[in-house]
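Participant: Just passing along the structure, written as structure tokens.
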Amino acid sequence: MSRIETLLAAMTCEEKIGQLVMATAGYAVTGPVLASDATEGVRAGRIGGMLNLWGAEHAHAIQRMAVEESRLGIPLLLGFDIVHGHRTIFPIPLAEAALFDPVLWERTAREAAVEATRDGLAVTFAPMIDVARDPRWGRIAEGPGEDPWVAARFAEAKVRGFQGSNLAAADSLVATAKHFCAYGAATAGRDYASVDVSERSLHEIYLPPFQAAIAAGCAAIMPAFNDIAGIPMTAHVALLRDWLRGQAGFDGVVISDYNAIAELVPHGVAGDLVEAAALALKAGVDIDMMSNAYSRGLPMALDRGLISIHDIDEAAFRVLTLKQRLGLFDDPYRRGGAGTIDPSAERARRELARDVARRAIVILTNAGVLPLASGAQRIAVVGPLADARADMRGSWSAAGDANDPVTILEGLRAALPHCEIAYARGVDIESEDVSGIGEAIDACRSADVILMCLGEAASMSGEAASRADPVLPGRQRELAEAVLDLGRPVVALLSSGRPLMASWLVERADAVAATWFLGCEAGNAIADVVTGRFDPTGRLPVTWPRDIGQSPIFFAARPSGRPANPADHFTSKYLDMSVEPLFPFGHGLSYTRFALSNLRLSAETFRPGDDIVASVDVVNEGSRLGEETIFLFIRDVVASVARPLLELKGIAKIKLAPGERSAVHLSIPASAFSFLGLDFRPIIEPGRFELSVGTSADRTNLITVSVQATAG
Ligand code: GLC
């Protein structure tokens, strides 16, 4: 028998169930607060994992209780939500997605893993790879945006970064891909609300990122809180067992979301905790995070015959196997045992945070006011996000210190020491108090340029933070309009976890930038971009609506039999608004401008198994060095199932000096042209495809050629 089988054979039923229980530690300023029953449960072997505890000393202390004081000495899984950094906080994932750079996505995850494992942690509940197309949903902030291809690349990069090449290494962290699945399609954008998507949408949009995470070796998966058409994901046998473990070949551990198993009762599919526990276990959920359903319900589920000891053994085996893969049996104190902190590595990590943050900034509009003119000048900085240190961390701030981030005001002052910078908050983020607007206007009157730092509080996106009307909160619009009425050059910097509905601001400000929540180096990164020390390269990973009434709005829409045509009444349009977004997916300006031309393909026809290389010339027509992102889309013009108007299949980046011309080559396999046919099997149907390249998903600004698929 294997080591795990031998151990399992020696375990009591209670100890086996204990391996399926993950309890939380509270965290006070002085460190983790462990409920008394938690430490007692660890010593008794009734708890197999803990979350929300970090710090090598604390981790080792709780680990010693398990290893040296319990009967079988089985080490604990110690997990935490390290979503965009651990102590060094990187930009929120939606901002990081704007880089369209898998190399940097992986690097930030790797650095987070180094910091987290140094704090004794072995599991992160990340990456969050929920495709999201509704800005009302607060958790759009935590994911990679609207596109499944991008989400898949993001998933792969994060799994590689967190887990490294050897899960048993001291700096490797188990990646938990979450939330499985379709969580981003919550009804009306309300978090935790029911989801009802078609089987086709499941397979075309929401499952591919998880397939990619699994292919990258992801060792854990977390089911989403939501139901899909009445079947809660935590009890979804067809998706958790048949698809995830069957079709997708996942052999890792399924960790429930927080209290989610117990919530099968309010979901209306379980009469009590016992039934909830049985449903989740039978569906393949291995670990119960904080609901007590397994510890209290499974013994009675056994008695009622709802489950068998085999079901428990199966789950316990997977959990013990994961602990073995992590090397916890060999050395439970390996994580957190590293020596002194290397200052140069700390500095490099901080510089990475700054580099990723500035690359995440998306310049939405710019009438020439950016980059700021060099030389001494009077700058006014107003708005509630200018000096909002803690908010710069965004929604999942992990072990990031609230006092750590560089504020926008600090970053500007450090970058422009010769400028007179006047600051006035004006209004708070959410309050109705407008008494400070006068002072802000006074600060702006003599300014050569005004920077308005507007947006949301970090708590207004993320979990349980849906907004029905995601506009600028409080009385910020009143402040902004008073500033704009001065008629001076105005730059609006939007800190948010989602696209904000602000068409009026875009129409009036001289420049608008999406600065999201950029983490510990936010202020320096923003200063790097607005001063022109760094040419902005961020591109929107989500479509930016004109108004929430357009939501959900995304580029990969299906054609409709009556495509919107303003000139034709009976077409798919609004009476009161354009169907076009304010800014399309992929939109973002640099300080120069690029022109694409001469798209050509390596072949005009292809068969299954071929590769197609698309080449396009790019020239920098501006006066500054710059970097552009080129998107490659396809469209299957006629197919047995109507295909989206655009499907993203590749990206490439190119950096060019002023006047420089070069070519970009994007290679895509024939398989990229396949889709799930009527029978849900992948197929490349012979016929004409359109292949397009462009700098965004704006279909009026793409270069398109045809290519023909021929039978195999
Ligand atoms: C939360 C979140 C999940 C997180 C977990 C542990 O409710 O839904 O993303 O990993 O609980 O904090």
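The values are calculated or read from the model by the stated rules, or taken from the named source; none is laboratory data. As the structure is a prediction and not an experimental result, all values here were calculated from the model. No Cβ is skipped: glycine too gets one built from the backbone with ideal geometry, and neighbour counts run over all protein chains shown. Just so you know, the surface numbers come from the protein's heavy atoms only, side chains and all, with ligands and any DNA or RNA stripped out. Shrake-Rupley method; radii C 1.70, N 1.55, O 1.52, S 1.80 Å.
Participant: Would you confirm, using the coordinates I've provided, whether residue 364 is open to solvent by 10 Å² or more (accessible area, probe 1.4 Å) and not in a loop (DSSP other than H, G, I, E, B)?
Facilitator: It is false that residue 364 is open to solvent by 10 Å² or more (accessible area, probe 1.4 Å) and not in a loop (DSSP other than H, G, I, E, B).
Participant: Pick out the one residue from 139, 133 that is at pLDDT 95 or above, under 22 Å from residue 456 (Cβ atoms) and touching a Phe, Trp or Tyr at 6+ places or on another chain (Cβ under 6 Å).
Facilitator: Every option except 133 fails the conditions.
Participant: I'd like the residue in the range 595-616 that is part of a strand (DSSP E or B) and not hydrophobic (A, V, I, L, M, F, W, C) and, out of all such residues, is nearest to residue 685 (Cα to Cα).
Facilitator: Keep residues of the range 595-616 that are part of a strand (DSSP E or B), which gives 595-601, 605-606, 611-616.
Going one step further and asking which of them are not hydrophobic (A, V, I, L, M, F, W, C), we end up with 597-598, 600, 605, 611, 615.
Details: 597: 29, 598: 27, 600: 22, 605: 13, 611: 16, 615: 24 Å.
That would be 605.
Participant: Does the range 199-208 contain any residue that is surrounded by fewer than 24 Cβ atoms within 10 Å (Cβ to Cβ), within 16 Å of the ligand (Cβ to nearest atom) and within 18 Å of the chain's Cα centre (by Cα)?
Facilitator: no
Participant: Can residue 431 be described as part of a loop (DSSP other than H, G, I, E, B) and surrounded by fewer than 19 Cβ atoms within 10 Å (Cβ to Cβ)?
Facilitator: Taking the combined requirement at face value, the residue satisfies it.
Participant: When the range 617-657 is examined, which residues are found to be within 16 Å of residue 555 (Cα to Cα) and part of a loop (DSSP other than H, G, I, E, B)? First the steps, then the outcome.
Facilitator: Initial filter on the range 617-657 (within 16 Å of residue 555 (Cα to Cα)): 630-637, 642-651.
Residues satisfying the conditions are 637, 642, 643, 644, 645, 646.
Participant: Yes or no: residue 165 part of a loop (DSSP other than H, G, I, E, B), crowded, with 24+ Cβ neighbours inside 10 Å and not aromatic (Phe, Trp, Tyr)?
Facilitator: The answer is no for residue 165.
Participant: Looking only at residues that are crowded, with 21+ Cβ neighbours inside 10 Å and over 23 Å from residue 313 (Cα atoms) in the range 1-37, which one is modelled with the highest pLDDT?
Facilitator: Across the range 1-37, the extreme among qualifying residues is 25.
Participant: Across the range 677-712, what is the total count of residues that are open to solvent by 30 Å² or more (accessible area, probe 1.4 Å), more than 30 Å from residue 583 (Cβ to Cβ) and touching a residue at least 60 places away in the same chain (Cβ under 8 Å)?
Facilitator: 6
Participant: Ok, one more. Could you pull out the residue among 170, 122 that is over 17 Å from the mean Cα position of the chain (by Cα), closer than 25 Å to residue 62 by Cβ and away from the ligand (no atom under 16 Å from the Cβ)?
Facilitator: Testing whether each residue is over 17 Å from the mean Cα position of the chain (by Cα), closer than 25 Å to residue 62 by Cβ and away from the ligand (no atom under 16 Å from the Cβ) leaves just 170.
Participant: Right, another one. Since residue 146 meets every condition but one in (1) of a type in the set (Asp, Glu); (2) open to solvent by less than 10 Å² (accessible area, probe 1.4 Å); (3) within 16 Å of the ligand (Cβ to nearest atom), which condition does it not meet?
Facilitator: The one condition residue 146 does not meet is (3).
Participant: What residue, of 102, 75, 93, is modelled with pLDDT of 95 or more and within 16 Å of the ligand (Cβ to nearest atom)?
Facilitator: Going through 102, 75, 93 in turn, the sole match is 93.
Participant: Give the residue, chosen from 134, 101, that is surrounded by 24 or more Cβ atoms within 10 Å (Cβ to Cβ) and not assigned by TED's automatic domain parsing to the domain that holds residue 395.
Facilitator: Of 134, 101, the one residue that is surrounded by 24 or more Cβ atoms within 10 Å (Cβ to Cβ) and not assigned by TED's automatic domain parsing to the domain that holds residue 395 is 134.
Participant: Let me ask something else. Would you point out which residue out of 177, 182, 186 is touching a Cys at 6+ places or on another chain (Cβ under 9 Å) and within 16 Å of the ligand (Cβ to nearest atom)?
Facilitator: Values: 182 fails: touching a Cys at 6+ places or on another chain (Cβ under 9 Å); 186 fails: touching a Cys at 6+ places or on another chain (Cβ under 9 Å).
Every option except 177 fails the conditions.
Participant: Quick one: how many residues across the range 583-621 are at positive phi and among the polar types (S, T, N, Q)?
Facilitator: Here the count works out to 1.
Participant: Out of the residues in the range 335-361 meeting the condition of being part of a loop (DSSP other than H, G, I, E, B) and in contact with a Gly (Cβ under 8 Å, 6 or more places away or on another chain), tell me which one is surrounded by the fewest Cβ atoms within 10 Å (Cβ to Cβ).
Facilitator: Top of the filtered list is 336.
Participant: When you look at residue 671, is it assigned to a strand (DSSP E or B) and either open to solvent by 10 Å² or more (accessible area, probe 1.4 Å) or basic (Lys, Arg) (or both), yes or no?
Facilitator: So residue 671 does not fit the description; no.
Participant: Please go through the range 587-626 and give me each residue that is in contact with a Ser or Thr (Cβ under 6 Å, 6 or more places away or on another chain) and not β-branched (Val, Ile, Thr), ordered by number.
Facilitator: 587, 600, 607, 611, 617, 620, 622, 624, 626 - these are the residues of the range 587-626 that are in contact with a Ser or Thr (Cβ under 6 Å, 6 or more places away or on another chain) and not β-branched (Val, Ile, Thr).
Participant: Follow-up. Looking at the range 445-463, I want the residues that are at positive phi and have a partner that is crowded, with 22+ Cβ neighbours inside 10 Å with Cβ atoms under 6 Å, at least 6 apart or on another chain. Which pairs are those?
Facilitator: 455/385; 455/494; 455/495; 455/496; 462/138; 462/141; 462/395
Participant: Pairs, please: C-beta under 6 Å, at least 6 apart or cross-chain, first residue modelled with pLDDT of 95 or more and in the range 368-391, second of a type in the set (Lys, Arg) and open to solvent by 20 Å² or more (accessible area, probe 1.4 Å)?
Facilitator: 384/425
Participant: In the list 488, 558, which residue meets the criterion of being in contact with a Cys (Cβ under 9 Å, 6 or more places away or on another chain), at negative phi and surrounded by fewer than 24 Cβ atoms within 10 Å (Cβ to Cβ)? Even if it seems obvious, please write down each step before you answer.
Facilitator: Numbers: 558 fails: in contact with a Cys (Cβ under 9 Å, 6 or more places away or on another chain).
Being in contact with a Cys (Cβ under 9 Å, 6 or more places away or on another chain), at negative phi and surrounded by fewer than 24 Cβ atoms within 10 Å (Cβ to Cβ) holds for just one of 488, 558, which is 488.
Participant: Still on this structure: Please count how many residues of the range 214-251 are within 16 Å of the ligand (Cβ to nearest atom), crowded, with 24+ Cβ neighbours inside 10 Å and assigned to a loop (DSSP other than H, G, I, E, B).
Facilitator: So the count comes out to 4.
Participant: Right, another one. So which helices (runs of 4 or more DSSP H) stay within the range 1-69 end to end and still have 1 or more residues that are within 16 Å of the ligand (Cβ to nearest atom) and under 35 Å from the mean Cα position of the chain (by Cα)?
Facilitator: 36-43
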